[in-house]
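Structure, as structure tokens:
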Amino acid sequence: MARATIKDVAELAGVSIAAVSRVLSINGSASPRMRAKVMEAADQLGYRPNALARSMINARTNLVALVIGATSNVFDAALVDGLADHLARRGKKLLLTPVVDLGAIDDELMGALDYQVDAAVVAAGTMTREACLKCAKLGVPVILSGRNIDSPGIDSVLADNKGGGRMAAELLMRSGCRRIAYVGGTYYAFSDQERRQGLEDALKDAGRDLSVAVKIRQSEEMTGFEVAMELLSRSDRPDGVFCINDMAAIGILQAAAALGLSVPEDVAVIGFDNTELASWPNFRLTTIDYPVGKIVDAIIEMLETRLAQPDLPARIHRVRTRMVVRDSTPKKLSPFPR
């Protein structure tokens with residue numbers, strides 16, 4: 001059966017095409033009687049307006065692209081849910097653009113623009129300046145989540161990563177840790193650099209150095225768990241570990257259990273994000289809280305402002321982080337880092 005058209009609705013309702021268009025338009029005016037006739041005919045025919053055709057008239061598709069990595073990461077999954085919910089409340093749809101190769105962000109973003117999206121949120125990898133300039137030329141606002149870039153009109157929402165790294169260092173030192181390690185991510189990432197930098201800066205201020213830094217590599221040769229096992233099997237095994245995110249920290253907890261190490265007595269562990277998993281009884285992970293709700297609120301505010309005022313200077317919003325202490329770090333602390 002052929003898809004019903006606006007002409008079919010008009011004929012069944014016995015009204016003009018223009019009348020149907022007014023009834024179905026968000027801001028269209030029509031009498032209650034006219035609206036009832038049109039809606040009854042549309043329902044009978046199973047008619048749905050063509051959103052793409054409507055966008056050609058309104059110059060808006062109400063689509064917002066989200067370029068994101070694997071949503072198997074619980075933090076990214078929560079970000080998707082939050083953005084989809086907030087956009088839906090505003091009559092917009094989320095166009096999910098997953099990225100497998102984090103080095104191909106530009107290609108995925110350009111592909112999303114083929115759908116005439118009103119704006120794009122990039123929450124994976126790193127855009128090049130060339131891609132930023134292309135988006136600006138096309139008049140498509142871009143908001144970066146978790147990173148920033150020096151380019152006109154490109155807004156950013158990200159954590160106070162260095163502050164989080166400093167908090168982790170101070171808590172580990174106050175816990176009596178002498179050999180502090182950093183476990184980074186799977187890809188050269190802005191947040192990874194900043195979190196490590198904050199950790200190292202705080203250690204340096206206390207006259208200390210980072211003992212070891214490793215990256216979890218997603219490959220057939222070495223899984224994240226194996227990296228954690230290798231780190232905790234060293235002769236100079238760290239007694240304090242700060243991780244790029246909660247998933248990496250949970251890997252450390254699991255490796256410690258496999259090696260018969262006690263947490264936090266033998267090794268204290270701190271994550272980043274404060275995902276739901278961190279509070280589970282099996283883990284009770286001490287972590288840096290980076291609230292998804294506040295990230296989503298900031299992205300939506302920037303999106304609406306940028307669409308209304310496209311010529312505003314680029315803005316950077318840092319989401320404040322805080323330490324959430326659970327069982328993976330000692331309860332008894334020294335008054336000052338030592």
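Loop-only GluC sites (Glu not before Pro) in the stretch 172-275, please: DSSP not H, G, I, E or B, and at most 12 other Cβ atoms within 10 Å. Those that pass, being in a loop and sparsely packed, are Glu220, Glu221, Glu265. When the charge dipole of the chain is built from unit charges on Cβ atoms (+1 for Lys and Arg, -1 for Asp and Glu) and taken about the Cα centre, the candidate among Gly91, Phe225, Ala314 whose Cα reaches farthest toward its positive end is Gly91.
Summing charges over neighbours of Cys135, with a neighbour being any other residue whose Cβ is under 14 Å away from its Cβ, gives -3 when K and R count +1 and D and E count -1.
Spacing of the modelled spin labels on Leu45 and Asp107, each 7 Å from Cα toward Cβ, amounts to 4.3 nm. Remark: the chain carries a charge dipole of roughly 1020 debye about the Cα centre, counting +1 on each Lys and Arg Cβ and -1 on each Asp and Glu Cβ.
Simple point charges give the picture: +1 on the Cβ of Lys and Arg, -1 on the Cβ of Asp and Glu, and for the stretch 161-290 a dipole about the Cα centre of about 300 debye. Distance between the modelled labels on Leu307 and Arg90, one decimal in nanometres: 0.5 nm (7 Å Cα→Cβ projection).
Counting only lysines at least 8 places from Lys137 when in the same chain, those with an alpha carbon closer than 25 Å to its own are Lys92, Lys93. Please grab the % of Cα pairs in the chain that end up more than 36 Å from each other. The share of Cα pairs beyond 36 Å in the chain comes to 36 percent. With θ taken as phi - 60° and the Karplus curve 6.51 cos²θ - 1.76 cosθ + 1.60 applied, the whole-hertz 3J(HN,Hα) list for the stretch 169-177 is 4, 5, 5, 5, 5, 5, 7, x, 5 Hz, x standing for glycine and proline. Charge tally for Ser31 (other residues, Cβ to Cβ under 12 Å; Lys, Arg +1; Asp, Glu -1): +4. When only the Cβ of Lys, Arg, Asp and Glu is charged (+1, +1, -1, -1), the dipole of the stretch 6-49 relative to its Cα centre reaches about 160 debye. The amide H of Leu63, built 1.01 Å from its N in the peptide plane, has Lys93, Asp118 as neighbours under 5 Å, considering only residues 5 or more places off or on other chains.
Applied to the stretch 316-324, the Karplus parametrisation 6.51 cos²θ - 1.76 cosθ + 1.60 on θ = phi - 60° returns per-residue 3J(HN,Hα) values of 10, 10, 9, 7, 5, 10, 8, 7, 10 Hz, with x for Gly and Pro. Compared with the dominant principal axis of the Cα atoms in the chain, helix 190-205 is inclined by about 30°.
Close amide H contacts of His317 (hydrogens built in the peptide plane, cut-off under 5 Å, sequence separation of 5 or more or a different chain): Ser156, Val157, Leu158. In straight-distance terms, cross-link reach from Lys37 covers every one of the lysines whose alpha-carbon lies under 21 Å from its own, apart from those fewer than eight places away in the same chain; here that gives Lys7.
Between the beta carbons of Ala18 and Gln116, assuming R0 = 30 Å, the FRET efficiency works out to 0.75 to the nearest 0.05. Only one residue of Gly185, Ala248, Asn62 has its Cα farthest out toward the positive end of the dipole of the chain, where Lys and Arg carry +1 and Asp and Glu -1 on Cβ, and that residue is Asn62. Annotation for the stretch 255-301 versus the stretch 144-193: alpha-carbon center distance of 14 Å.
Give the calculated FRET efficiency between Ser334 and Gln193 to the nearest 0.05, with a Förster radius of 25 Å applied to their Cβ-Cβ distance. It would help to have the intermediate numbers written out before the result.
On the way: r = 29 Å, r/R0 = 1.17.
Efficiency at R0 = 25 Å is approximately 0.30.
Measuring max minus min along each principal axis, the C-alpha atoms of the stretch 6-49 give extents of 22, 19, 15 Å (largest first).
The numbers here are math on the coordinates, done by the rules we state, and not lab data. As the structure is a prediction and not an experimental result, all values here were calculated from the model. So basically every Cβ, Gly included, is an ideal-geometry build from the backbone, and we count neighbours across all protein chains shown.
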